[in-house]
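Please read the structure below before turning to the comments.
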Amino acid sequence: MPEQRFSLFSGKAPSMDSLAFRLAGAAEAVRQVAAGRSLPDAIQSTCQDLHADAASRGAIQDIAYNAMRKLGTARFLTGRLTKRPPEPEILQHLLICAFTLLLQADGSSLRYEPFTTVNQAVLAASSIRGAAKAKGMVNAVLRNFLRGKDGFLQQAAEDGTARWNYPAWWIAQVQEHYPDQWQSILTVGNNAPPLTLRVNRRRSSTDSYLALLQESGISADIIGPYAVRLAHPMPVHRIPGFKEGLVSVQDYAAQLAAPLLGLKDGMRVLDACAAPGGKSAHMLELADIRLTALDCEEKRLAMIHQNLDRLGLHADVRLGDATQSDWWDGRLFDCILADVPCSASGIIRRHPDIRWLRQPDDGKRLAALSAAILDNLWKKLRKDGKLLFATCSIWPEESIGQADFFAFRSDAKRLDAFGQLLPTFNGLNDHDGLFYGLFQKIG
Ligand SMILES: C[S@@+](CC[C@H](N)C(=O)[O-])C[C@H]1O[C@@H](n2cnc3c(N)ncnc32)[C@H](O)[C@@H]1O
(Lines give C-alpha, C1' and ligand atoms only; values in the text may rest on other atoms or scores of the structure.)
Protein backbone atom coordinates (compact mmCIF):
# COMPACT_ATOMS: atom_id res chain seq x y z
CA MET A 1 0.00 0.00 0.00
CA PRO A 2 2.32 2.78 -1.23
CA GLU A 3 0.05 5.69 -0.13
CA GLN A 4 0.11 4.54 3.47
CA ARG A 5 3.76 3.56 3.39
CA PHE A 6 5.02 6.94 2.31
CA SER A 7 2.50 9.28 3.91
CA LEU A 8 5.44 11.09 5.54
CA PHE A 9 6.96 11.61 2.11
CA SER A 10 5.76 13.31 -1.02
CA GLY A 11 6.44 11.51 -4.28
CA LYS A 12 9.32 9.11 -4.20
CA ALA A 13 10.63 8.25 -0.74
CA PRO A 14 14.35 7.73 -0.13
CA SER A 15 15.32 4.06 -0.07
CA MET A 16 14.68 2.30 3.21
CA ASP A 17 18.35 1.56 3.82
CA SER A 18 19.36 5.21 3.40
CA LEU A 19 20.17 7.50 6.31
CA ALA A 20 17.71 10.01 4.79
CA PHE A 21 14.80 7.58 5.25
CA ARG A 22 15.88 6.82 8.80
CA LEU A 23 16.42 10.46 9.73
CA ALA A 24 12.95 11.31 8.43
CA GLY A 25 11.42 8.40 10.38
CA ALA A 26 13.22 9.42 13.58
CA ALA A 27 12.16 13.05 13.05
CA GLU A 28 8.53 11.96 12.80
CA ALA A 29 8.84 9.91 16.01
CA VAL A 30 10.48 12.85 17.82
CA ARG A 31 7.69 15.13 16.53
CA GLN A 32 5.12 12.79 18.06
CA VAL A 33 6.93 12.86 21.42
CA ALA A 34 6.86 16.68 21.31
CA ALA A 35 3.09 16.31 20.86
CA GLY A 36 2.89 14.21 24.04
CA ARG A 37 3.20 10.61 22.86
CA SER A 38 5.60 8.14 24.47
CA LEU A 39 8.68 7.34 22.39
CA PRO A 40 8.05 3.57 22.10
CA ASP A 41 4.51 4.26 20.82
CA ALA A 42 5.76 6.96 18.46
CA ILE A 43 8.43 4.66 17.00
CA GLN A 44 5.99 1.79 16.70
CA SER A 45 3.38 3.81 14.79
CA THR A 46 5.95 5.61 12.61
CA CYS A 47 7.67 2.37 11.61
CA GLN A 48 4.32 0.75 10.94
CA ASP A 49 3.24 3.65 8.69
CA LEU A 50 6.56 3.51 6.85
CA HIS A 51 6.52 -0.29 6.66
CA ALA A 52 10.10 -0.08 7.93
CA ASP A 53 12.05 -3.34 7.90
CA ALA A 54 13.95 -4.55 10.98
CA ALA A 55 17.20 -2.80 10.07
CA SER A 56 15.47 0.53 9.41
CA ARG A 57 13.39 0.22 12.55
CA GLY A 58 16.56 -0.37 14.58
CA ALA A 59 18.25 2.68 13.04
CA ILE A 60 15.17 4.91 13.52
CA GLN A 61 14.99 3.76 17.13
CA ASP A 62 18.69 4.45 17.66
CA ILE A 63 18.50 7.97 16.25
CA ALA A 64 15.27 8.82 18.10
CA TYR A 65 16.51 7.50 21.47
CA ASN A 66 19.76 9.43 21.06
CA ALA A 67 17.76 12.51 20.13
CA MET A 68 15.93 12.28 23.49
CA ARG A 69 19.28 12.13 25.29
CA LYS A 70 20.56 15.20 23.45
CA LEU A 71 17.31 17.07 22.99
CA GLY A 72 18.31 20.04 25.14
CA THR A 73 21.47 20.69 23.13
CA ALA A 74 19.81 20.00 19.79
CA ARG A 75 16.88 22.35 20.53
CA PHE A 76 19.30 25.03 21.68
CA LEU A 77 21.28 24.73 18.44
CA THR A 78 18.13 24.79 16.33
CA GLY A 79 17.08 28.01 18.09
CA ARG A 80 20.53 29.61 17.67
CA LEU A 81 20.94 28.68 14.03
CA THR A 82 17.49 29.49 12.65
CA LYS A 83 15.82 32.91 12.49
CA ARG A 84 12.37 31.52 13.24
CA PRO A 85 10.99 28.02 14.00
CA PRO A 86 11.35 26.04 10.74
CA GLU A 87 8.12 25.04 9.00
CA PRO A 88 6.57 22.59 8.47
CA GLU A 89 7.16 21.61 12.08
CA ILE A 90 8.76 18.28 11.20
CA LEU A 91 11.81 20.20 9.96
CA GLN A 92 12.61 21.25 13.52
CA HIS A 93 12.69 17.61 14.46
CA LEU A 94 14.70 16.67 11.41
CA LEU A 95 17.31 19.26 12.43
CA ILE A 96 17.25 17.91 15.99
CA CYS A 97 17.92 14.36 14.74
CA ALA A 98 20.68 15.57 12.42
CA PHE A 99 22.31 17.55 15.25
CA THR A 100 22.13 14.44 17.40
CA LEU A 101 24.21 12.55 14.86
CA LEU A 102 26.64 15.44 14.46
CA LEU A 103 27.04 15.57 18.24
CA GLN A 104 28.02 11.92 18.46
CA ALA A 105 31.62 13.06 18.11
CA ASP A 106 32.00 13.16 21.92
CA GLY A 107 35.08 11.11 22.59
CA SER A 108 34.12 8.34 20.17
CA SER A 109 34.14 7.80 16.46
CA LEU A 110 31.24 9.27 14.51
CA ARG A 111 28.76 6.72 13.27
CA TYR A 112 28.31 8.82 10.13
CA GLU A 113 30.72 11.30 8.62
CA PRO A 114 29.40 14.85 9.13
CA PHE A 115 29.06 15.48 5.40
CA THR A 116 26.98 12.27 5.08
CA THR A 117 24.65 13.42 7.84
CA VAL A 118 24.24 16.84 6.22
CA ASN A 119 23.64 15.45 2.74
CA GLN A 120 21.19 12.86 3.96
CA ALA A 121 19.31 15.39 6.09
CA VAL A 122 18.97 17.58 3.00
CA LEU A 123 17.74 14.58 1.01
CA ALA A 124 15.25 13.79 3.78
CA ALA A 125 13.96 17.39 3.74
CA SER A 126 13.55 17.32 -0.02
CA SER A 127 11.43 14.13 0.26
CA ILE A 128 9.27 15.01 3.26
CA ARG A 129 5.80 16.21 2.31
CA GLY A 130 5.68 20.03 2.25
CA ALA A 131 9.33 20.45 3.23
CA ALA A 132 11.19 20.41 -0.09
CA LYS A 133 11.50 24.20 -0.31
CA ALA A 134 13.36 24.23 2.99
CA LYS A 135 16.14 21.87 1.94
CA GLY A 136 18.46 24.85 1.37
CA MET A 137 17.76 26.03 4.90
CA VAL A 138 18.57 22.56 6.33
CA ASN A 139 21.81 22.51 4.39
CA ALA A 140 22.79 26.03 5.53
CA VAL A 141 21.91 25.45 9.20
CA LEU A 142 23.86 22.21 9.49
CA ARG A 143 26.88 23.57 7.61
CA ASN A 144 26.88 26.75 9.72
CA PHE A 145 26.90 24.56 12.79
CA LEU A 146 29.86 22.54 11.56
CA ARG A 147 31.77 25.72 10.73
CA GLY A 148 31.25 27.24 14.18
CA LYS A 149 30.85 24.04 16.18
CA ASP A 150 33.15 24.85 19.11
CA GLY A 151 31.60 28.26 19.67
CA PHE A 152 28.03 26.94 19.54
CA LEU A 153 28.85 24.11 21.92
CA GLN A 154 30.49 26.59 24.27
CA GLN A 155 27.24 28.60 24.29
CA ALA A 156 25.22 25.42 24.85
CA ALA A 157 27.41 24.50 27.83
CA GLU A 158 26.33 27.75 29.53
CA ASP A 159 22.62 26.92 29.34
CA GLY A 160 21.34 24.39 31.92
CA THR A 161 18.92 22.48 29.70
CA ALA A 162 21.29 22.50 26.72
CA ARG A 163 24.19 21.38 28.92
CA TRP A 164 22.40 18.60 30.82
CA ASN A 165 19.60 17.65 28.44
CA TYR A 166 16.80 17.78 31.00
CA PRO A 167 14.01 20.34 31.50
CA ALA A 168 15.02 23.12 33.91
CA TRP A 169 12.46 22.01 36.55
CA TRP A 170 13.86 18.49 36.48
CA ILE A 171 17.44 19.69 37.01
CA ALA A 172 16.28 21.95 39.86
CA GLN A 173 14.43 19.08 41.53
CA VAL A 174 17.42 16.71 41.34
CA GLN A 175 19.71 19.47 42.69
CA GLU A 176 17.31 20.16 45.57
CA HIS A 177 16.93 16.54 46.64
CA TYR A 178 20.45 15.32 45.90
CA PRO A 179 22.79 18.30 46.36
CA ASP A 180 25.89 16.04 46.40
CA GLN A 181 24.94 13.57 43.68
CA TRP A 182 22.88 15.61 41.21
CA GLN A 183 25.54 15.72 38.49
CA SER A 184 26.16 11.99 38.52
CA ILE A 185 22.40 11.26 38.57
CA LEU A 186 21.87 13.45 35.50
CA THR A 187 24.92 11.98 33.77
CA VAL A 188 23.89 8.35 34.37
CA GLY A 189 20.44 9.18 33.00
CA ASN A 190 22.02 10.23 29.71
CA ASN A 191 23.93 6.97 29.21
CA ALA A 192 22.45 4.21 27.10
CA PRO A 193 21.53 1.46 29.61
CA PRO A 194 23.29 -1.90 29.81
CA LEU A 195 21.46 -5.10 28.98
CA THR A 196 21.28 -6.99 32.25
CA LEU A 197 19.82 -10.47 32.47
CA ARG A 198 18.31 -12.33 35.38
CA VAL A 199 19.23 -15.99 35.34
CA ASN A 200 16.29 -18.29 36.03
CA ARG A 201 17.61 -20.23 39.00
CA ARG A 202 15.22 -23.08 38.25
CA ARG A 203 17.01 -23.69 34.97
CA SER A 204 20.57 -22.39 35.32
CA SER A 205 23.03 -20.42 37.46
CA THR A 206 25.08 -17.29 36.81
CA ASP A 207 28.28 -19.36 36.46
CA SER A 208 26.91 -21.89 34.02
CA TYR A 209 25.08 -19.20 32.06
CA LEU A 210 28.27 -17.15 31.82
CA ALA A 211 30.01 -20.25 30.44
CA LEU A 212 27.23 -20.62 27.85
CA LEU A 213 27.72 -17.00 26.80
CA GLN A 214 31.45 -17.52 26.52
CA GLU A 215 30.91 -20.53 24.25
CA SER A 216 28.89 -18.22 21.99
CA GLY A 217 31.64 -15.59 22.05
CA ILE A 218 29.53 -13.11 24.04
CA SER A 219 31.34 -11.21 26.77
CA ALA A 220 29.50 -10.51 29.98
CA ASP A 221 29.99 -9.99 33.73
CA ILE A 222 28.22 -11.37 36.76
CA ILE A 223 26.99 -8.31 38.68
CA GLY A 224 24.66 -9.88 41.25
CA PRO A 225 23.40 -13.21 42.61
CA TYR A 226 21.20 -13.73 39.53
CA ALA A 227 22.44 -10.85 37.39
CA VAL A 228 24.60 -11.10 34.27
CA ARG A 229 25.37 -7.91 32.34
CA LEU A 230 26.20 -8.22 28.66
CA ALA A 231 29.14 -6.14 27.45
CA HIS A 232 27.08 -5.14 24.39
CA PRO A 233 23.28 -5.05 24.20
CA MET A 234 21.69 -7.31 21.58
CA PRO A 235 18.16 -8.19 20.47
CA VAL A 236 16.56 -10.78 22.77
CA HIS A 237 16.17 -13.33 19.97
CA ARG A 238 19.98 -13.51 19.79
CA ILE A 239 20.48 -14.02 23.52
CA PRO A 240 21.40 -17.68 24.13
CA GLY A 241 18.70 -19.53 26.05
CA PHE A 242 16.28 -16.59 26.13
CA LYS A 243 13.56 -18.38 24.19
CA GLU A 244 14.03 -21.46 26.38
CA GLY A 245 13.50 -19.44 29.56
CA LEU A 246 17.05 -19.57 30.94
CA VAL A 247 17.12 -15.80 31.38
CA SER A 248 14.98 -12.67 31.41
CA VAL A 249 15.92 -9.06 30.77
CA GLN A 250 15.83 -7.17 34.08
CA ASP A 251 17.90 -4.35 35.53
CA TYR A 252 19.95 -5.29 38.58
CA ALA A 253 18.06 -2.90 40.90
CA ALA A 254 14.77 -4.57 39.89
CA GLN A 255 16.31 -7.96 40.72
CA LEU A 256 16.66 -6.88 44.35
CA ALA A 257 12.89 -6.91 44.97
CA ALA A 258 11.93 -10.59 45.11
CA PRO A 259 14.68 -11.77 47.52
CA LEU A 260 13.67 -9.07 50.04
CA LEU A 261 10.39 -10.83 50.80
CA GLY A 262 11.97 -14.03 52.20
CA LEU A 263 9.54 -16.20 50.21
CA LYS A 264 8.86 -19.78 51.31
CA ASP A 265 7.15 -22.62 49.48
CA GLY A 266 3.38 -22.56 49.86
CA MET A 267 3.06 -18.85 50.68
CA ARG A 268 0.11 -16.88 49.31
CA VAL A 269 1.63 -13.87 47.58
CA LEU A 270 0.15 -10.87 45.79
CA ASP A 271 1.96 -8.84 43.14
CA ALA A 272 -0.49 -5.93 43.03
CA CYS A 273 0.92 -3.98 40.05
CA ALA A 274 2.40 -6.86 38.18
CA ALA A 275 2.71 -6.15 34.45
CA PRO A 276 4.84 -6.95 32.53
CA GLY A 277 5.62 -9.54 35.17
CA GLY A 278 9.37 -9.16 35.73
CA LYS A 279 9.20 -9.25 39.52
CA SER A 280 6.34 -11.80 39.52
CA ALA A 281 8.52 -14.17 37.51
CA HIS A 282 11.49 -13.65 39.80
CA MET A 283 9.36 -14.44 42.88
CA LEU A 284 8.13 -17.63 41.20
CA GLU A 285 11.70 -18.61 40.34
CA LEU A 286 12.71 -18.29 44.01
CA ALA A 287 10.01 -20.42 45.68
CA ASP A 288 6.91 -22.53 45.00
CA ILE A 289 4.50 -19.78 45.99
CA ARG A 290 0.84 -19.31 45.08
CA LEU A 291 1.00 -16.00 43.30
CA THR A 292 -1.81 -13.65 42.32
CA ALA A 293 -0.50 -11.26 39.64
CA LEU A 294 -2.82 -8.26 39.41
CA ASP A 295 -2.77 -5.35 37.00
CA CYS A 296 -5.39 -2.82 35.98
CA GLU A 297 -4.37 -2.69 32.31
CA GLU A 298 -5.89 -5.52 30.36
CA LYS A 299 -3.47 -5.17 27.44
CA ARG A 300 -0.52 -5.55 29.80
CA LEU A 301 -1.82 -8.82 31.28
CA ALA A 302 -0.81 -10.53 28.04
CA MET A 303 2.80 -9.54 28.74
CA ILE A 304 2.66 -11.30 32.12
CA HIS A 305 1.30 -14.48 30.50
CA GLN A 306 3.97 -14.32 27.80
CA ASN A 307 6.80 -13.93 30.31
CA LEU A 308 5.56 -16.67 32.63
CA ASP A 309 4.91 -19.09 29.77
CA ARG A 310 8.41 -18.60 28.40
CA LEU A 311 9.89 -19.28 31.84
CA GLY A 312 7.64 -22.27 32.57
CA LEU A 313 6.02 -20.54 35.57
CA HIS A 314 2.43 -20.16 36.70
CA ALA A 315 0.37 -17.49 38.48
CA ASP A 316 -3.25 -16.52 38.88
CA VAL A 317 -3.16 -13.50 36.55
CA ARG A 318 -6.03 -11.10 37.20
CA LEU A 319 -7.38 -7.86 35.86
CA GLY A 320 -8.12 -5.52 38.75
CA ASP A 321 -7.57 -2.18 40.39
CA ALA A 322 -5.33 -2.33 43.46
CA THR A 323 -7.25 0.55 45.06
CA GLN A 324 -10.40 -1.65 44.99
CA SER A 325 -11.31 -5.10 46.31
CA ASP A 326 -13.57 -6.67 43.69
CA TRP A 327 -10.73 -8.90 42.43
CA TRP A 328 -10.01 -10.30 45.94
CA ASP A 329 -11.35 -13.62 47.30
CA GLY A 330 -11.16 -12.39 50.90
CA ARG A 331 -8.19 -14.56 51.97
CA LEU A 332 -5.24 -12.66 53.46
CA PHE A 333 -1.82 -12.76 51.80
CA ASP A 334 1.49 -13.76 53.44
CA CYS A 335 3.42 -11.30 51.28
CA ILE A 336 2.48 -8.40 49.03
CA LEU A 337 4.58 -6.58 46.48
CA ALA A 338 3.32 -3.09 45.65
CA ASP A 339 5.46 -1.94 42.72
CA VAL A 340 3.31 1.13 42.25
CA PRO A 341 2.87 3.32 39.17
CA CYS A 342 5.22 6.31 39.42
CA SER A 343 7.00 9.02 37.45
CA ALA A 344 9.75 6.56 36.40
CA SER A 345 12.31 9.26 37.21
CA GLY A 346 14.78 6.54 38.29
CA ILE A 347 14.83 4.69 34.96
CA ILE A 348 15.53 7.63 32.69
CA ARG A 349 18.44 5.93 30.95
CA ARG A 350 15.99 3.32 29.64
CA HIS A 351 13.19 5.76 28.91
CA PRO A 352 14.92 8.99 27.87
CA ASP A 353 11.62 10.51 26.62
CA ILE A 354 10.07 10.56 30.08
CA ARG A 355 11.88 13.69 31.26
CA TRP A 356 10.36 15.64 28.35
CA LEU A 357 6.86 14.21 28.84
CA ARG A 358 6.45 14.60 32.60
CA GLN A 359 5.13 17.71 34.34
CA PRO A 360 6.48 19.05 37.65
CA ASP A 361 3.37 18.07 39.63
CA ASP A 362 3.07 14.52 38.24
CA GLY A 363 4.94 13.20 41.29
CA LYS A 364 2.25 14.53 43.66
CA ARG A 365 -0.59 13.07 41.59
CA LEU A 366 1.09 9.65 41.40
CA ALA A 367 1.92 9.76 45.11
CA ALA A 368 -1.79 10.15 45.88
CA LEU A 369 -2.57 7.08 43.74
CA SER A 370 0.10 5.00 45.42
CA ALA A 371 -1.16 6.06 48.89
CA ALA A 372 -4.62 4.74 47.93
CA ILE A 373 -3.06 1.47 46.67
CA LEU A 374 -1.01 1.00 49.86
CA ASP A 375 -3.98 1.77 52.10
CA ASN A 376 -6.08 -0.87 50.35
CA LEU A 377 -3.35 -3.53 50.18
CA TRP A 378 -2.39 -3.24 53.83
CA LYS A 379 -5.85 -4.55 54.76
CA LYS A 380 -5.18 -7.66 52.68
CA LEU A 381 -1.98 -8.64 54.49
CA ARG A 382 -2.05 -11.18 57.32
CA LYS A 383 -0.49 -10.50 60.72
CA ASP A 384 3.32 -10.98 60.56
CA GLY A 385 3.05 -10.77 56.77
CA LYS A 386 5.35 -8.49 54.77
CA LEU A 387 4.58 -5.78 52.26
CA LEU A 388 7.31 -4.55 49.94
CA PHE A 389 6.69 -1.07 48.59
CA ALA A 390 8.69 -0.33 45.43
CA THR A 391 8.93 2.54 42.97
CA CYS A 392 11.22 3.33 40.07
CA SER A 393 11.33 6.97 41.13
CA ILE A 394 13.97 9.17 42.69
CA TRP A 395 11.44 11.82 43.78
CA PRO A 396 11.09 11.63 47.58
CA GLU A 397 7.37 12.47 47.50
CA GLU A 398 6.79 9.21 45.62
CA SER A 399 9.20 7.04 47.56
CA ILE A 400 10.42 7.93 51.05
CA GLY A 401 7.42 10.24 51.53
CA GLN A 402 5.06 7.34 50.83
CA ALA A 403 7.00 5.02 53.08
CA ASP A 404 6.14 7.48 55.86
CA PHE A 405 2.55 6.32 55.37
CA PHE A 406 3.54 3.37 57.52
CA ALA A 407 5.32 5.43 60.16
CA PHE A 408 1.92 6.54 61.46
CA ARG A 409 0.47 3.05 61.66
CA SER A 410 0.65 1.30 65.00
CA ASP A 411 0.39 -2.09 63.23
CA ALA A 412 3.41 -1.58 60.94
CA LYS A 413 7.07 -2.19 61.60
CA ARG A 414 9.67 -1.05 59.11
CA LEU A 415 12.24 -3.73 58.23
CA ASP A 416 15.62 -3.31 56.59
CA ALA A 417 15.48 -2.81 52.82
CA PHE A 418 17.50 -0.72 50.45
CA GLY A 419 15.57 2.54 50.68
CA GLN A 420 16.43 4.90 47.86
CA LEU A 421 18.87 3.47 45.33
CA LEU A 422 20.25 6.14 43.04
CA PRO A 423 20.94 5.39 39.37
CA THR A 424 24.55 4.22 39.23
CA PHE A 425 27.03 3.26 36.58
CA ASN A 426 30.36 2.47 38.17
CA GLY A 427 32.15 -0.66 37.03
CA LEU A 428 30.13 -3.66 38.13
CA ASN A 429 27.91 -1.43 40.25
CA ASP A 430 25.40 -0.66 37.54
CA HIS A 431 21.68 -0.19 38.15
CA ASP A 432 18.61 2.02 37.85
CA GLY A 433 17.24 4.27 40.61
CA LEU A 434 14.58 2.34 42.54
CA PHE A 435 13.12 2.69 46.01
CA TYR A 436 12.39 -0.22 48.37
CA GLY A 437 10.57 0.00 51.70
CA LEU A 438 9.70 -3.23 53.55
CA PHE A 439 6.99 -3.38 56.24
CA GLN A 440 5.73 -6.11 58.51
CA LYS A 441 2.25 -6.20 60.00
CA ILE A 442 2.38 -6.43 63.77
CA GLY A 443 -0.01 -6.25 66.71
C1 LIG B 1 6.04 -0.13 37.65
S2 LIG B 1 4.90 -1.04 36.72
C3 LIG B 1 5.09 -2.64 37.41
C4 LIG B 1 6.28 -3.40 36.91
C5 LIG B 1 6.25 -4.86 37.35
N6 LIG B 1 6.12 -5.00 38.78
C7 LIG B 1 7.49 -5.62 36.89
O8 LIG B 1 8.44 -5.77 37.66
O9 LIG B 1 7.51 -6.08 35.74
C10 LIG B 1 3.39 -0.51 37.40
C11 LIG B 1 2.17 -1.29 36.91
O12 LIG B 1 1.08 -0.87 37.72
C13 LIG B 1 -0.10 -0.96 36.96
N14 LIG B 1 -1.12 -0.16 37.66
C15 LIG B 1 -1.29 1.18 37.66
N16 LIG B 1 -2.30 1.53 38.46
C17 LIG B 1 -2.79 0.37 38.98
C18 LIG B 1 -3.87 0.05 39.85
N19 LIG B 1 -4.62 1.01 40.38
N20 LIG B 1 -4.10 -1.23 40.15
C21 LIG B 1 -3.32 -2.22 39.61
N22 LIG B 1 -2.31 -1.98 38.76
C23 LIG B 1 -2.03 -0.71 38.47
C24 LIG B 1 0.33 -0.46 35.60
O25 LIG B 1 -0.55 -0.94 34.59
C26 LIG B 1 1.73 -1.04 35.48
O27 LIG B 1 1.70 -2.25 34.77
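The values are calculated or read from the model by the stated rules, or taken from the named source; none is laboratory data. Keep in mind it's a predicted model, so treat the numbers as computed, not measured. For neighbour counting, all protein chains shown are included, and Cβ atoms are generated from backbone atoms with ideal geometry for every residue, glycine included. Side chains are part of the model used for accessible areas, which takes the heavy atoms of the whole protein and leaves out ligands, DNA and RNA. Shrake-Rupley method; radii C 1.70, N 1.55, O 1.52, S 1.80 Å.
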Note to self: How tilted is helix 362-378 with respect to the longest principal axis of the chain? Cα atoms for both, answer in degrees (0 to 90, nearest 10).
What the structure shows: 20 degrees
Checklist line | segment 40-49 - phi-based ³J(HN,Hα) in whole Hz, Karplus 6.51/-1.76/1.60, Gly and Pro as x | finding: x, 5, 5, 5, 4, 6, 5, 5, 5, 4
Next item on the list: Just add up the charged neighbours of Ala124: K/R +1, D/E -1, any other residue whose Cβ is under 12 Å from the Cβ of Ala124.
Entry: +2
Notebook entry, point to check: Full extension from Gln175 to Ser15: what is 0.36 nm times the residue separation minus their Cα-Cα distance, to one decimal in nm?
Noted result: 53.0 nm
Check: Quick one: if the Förster radius is 45 Å, what FRET efficiency do Asp159 and Ser410 give, using the C-beta to C-beta distance and rounding to 0.05?
Finding: 0.30
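Report, in deg cm²/dmol and to the nearest 500, the calculated mean residue ellipticity at 222 nm for the chain, where each DSSP H run with n ≥ 4 adds -39500 (n - 2.57) and the sum is divided by the residue count.
Taking each H run of at least 4 residues, the total per residue is -13000 deg cm²/dmol.
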Note to self: Just want to confirm a number: the relative contact order over the chain, from Cα pairs under 8 angstrom separated by 6+ residues, in percent.
What the structure shows: 12 percent
Check: What percent of all Cα-Cα pairs in segment 180-226 falls in each 5 Å bin, counting up from 0?
Finding: 5, 18, 21, 16, 12, 11, 10, 6, 1
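Under a Cβ-Cβ cut-off of 15 Å, what is the net charge of the residues other than Trp328 that fall near it, where Lys and Arg count +1 and Asp and Glu count -1? Display every interim value, and only then the final one.
Working: positive: Arg268, Arg290, Arg318, Arg331, Lys379, Lys380, Arg382; negative: Asp271, Asp295, Asp316, Asp321, Asp326, Asp329, Asp334, Asp375.
Net charge around Trp328: -1.
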Next item on the list: Starting from 0 in steps of 10 Å, tell me what percent of the Cα-Cα pairs of the chain lands in each bin.
Entry: 4, 19, 27, 24, 16, 7, 2, 0
Item checked: Coil-residue chymotrypsin sites (Phe, Trp or Tyr not before Pro) of segment 354-425, DSSP, other Cβ within 10 Å capped at 16 -> Phe408
Notebook entry, point to check: Quick one: length gained pulling Phe115 to Glu298 fully straight, 0.36 nm per residue minus the C-alpha distance?
Noted result: 61.1 nm
Check: Per the 1.4 Å probe, what fraction of the accessible area of the chain, in percent, lies on carbon and sulfur atoms?
Finding: 51 percent
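Taking the Cα centre of the chain as origin, work out the dipole magnitude from +1 charges on Lys and Arg Cβ and -1 charges on Asp and Glu Cβ, in debye rounded to 20.
Values: 51 positive and 47 negative charges, 151 e Å.
That gives the chain a dipole magnitude of about 720 debye.
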Checklist line | Integer Hz, Karplus 6.51/-1.76/1.60 couplings in order for segment 270-280, x for Gly and Pro | finding: 10, 9, 7, 9, 8, 6, x, x, x, 6, 4
Notebook entry, point to check: Once amide H atoms are built 1.01 Å from N in the peptide plane, which residues 5 or more positions from Gln250, or in another chain, come under 5 Å H to H?
Noted result: Thr196, Leu197, Arg198
Checklist line | Candidates per GluC sites (Glu not before Pro) in segment 235-326, loop by DSSP, up to 15 other Cβ within 10 Å | finding: Glu244, Glu297
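Expressed in nm to one decimal, what extension gain is obtained for the pair Asp265 and Asp49 from 0.36 nm per residue of sequence separation less their Cα-Cα distance?
Values: separation 216, 0.36 × 216 = 77.76 nm, distance 4.87 nm.
In short, 72.9 nm is gained.
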Check: So who's got an amide H within less than 5 Å of the one on Ala417, skipping anything under 5 residues away but keeping other chains? H placed 1.01 Å off N, in plane.
Finding: Leu438
Next item on the list: Would you be so kind as to identify which of Ser15, Cys392, Gly443 lies farthest towards the positive end of the dipole of the chain, taking Lys and Arg as +1 and Asp and Glu as -1 on Cβ and the Cα centre as origin?
Entry: Ser15
Notebook entry, point to check: For segment 397-408, what does the Karplus curve 6.51 cos²θ - 1.76 cosθ + 1.60, with θ = phi - 60°, yield as ³J(HN,Hα) per residue in whole Hz, taken in order and with x for Gly and Pro?
Noted result: 5, 8, 10, 4, x, 6, 4, 5, 3, 7, 4, 8
Next item on the list: List every residue whose amide H lies under 5 Å from the amide H of Leu381, counting only residues 5 or more places away in sequence or on a different chain, with H placed 1.01 Å from N in the peptide plane.
Entry: Phe333
Item checked: Rg [Å, one decimal], Dmax [Å, integer] - segment 83-178, C-alpha atoms -> 15.4, 48
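As an exercise, identify the chymotrypsin sites (Phe, Trp or Tyr not before Pro) in segment 293-336 lying in DSSP coil whose Cβ has no more than 16 other Cβ atoms within 10 Å.
Working: sites: Trp327, Trp328, Phe333; in loops: Trp327, Trp328.
Hits after loop and neighbour filter: Trp327.
Starting from the alpha-carbon convex hull of segment 318-404, give the projected area averaged over all orientations, in nm². Show your work: numbers first, answer last.
Details: hull surface 25.6 nm².
For the Cα atoms of segment 318-404, the hull's average projected area reads 6.4 nm².
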Next item on the list: Describe numerically, in nm with one decimal, the distance between label points set 7 Å from Cα along Cα→Cβ at Gln359 and at Ala287.
Entry: 4.3 nm
Note to self: Among Ala168, Ala156, Val122, whose Cα projects farthest towards the positive end of the dipole of segment 104-230, with charges put on the beta-carbon of Lys, Arg (+1) and Asp, Glu (-1)?
What the structure shows: Val122
Next item on the list: Would you mind getting the accessible area per residue of the chain, heavy atoms of the protein chains only, 1.4 Å probe, in Å²?
Entry: 44 Å²
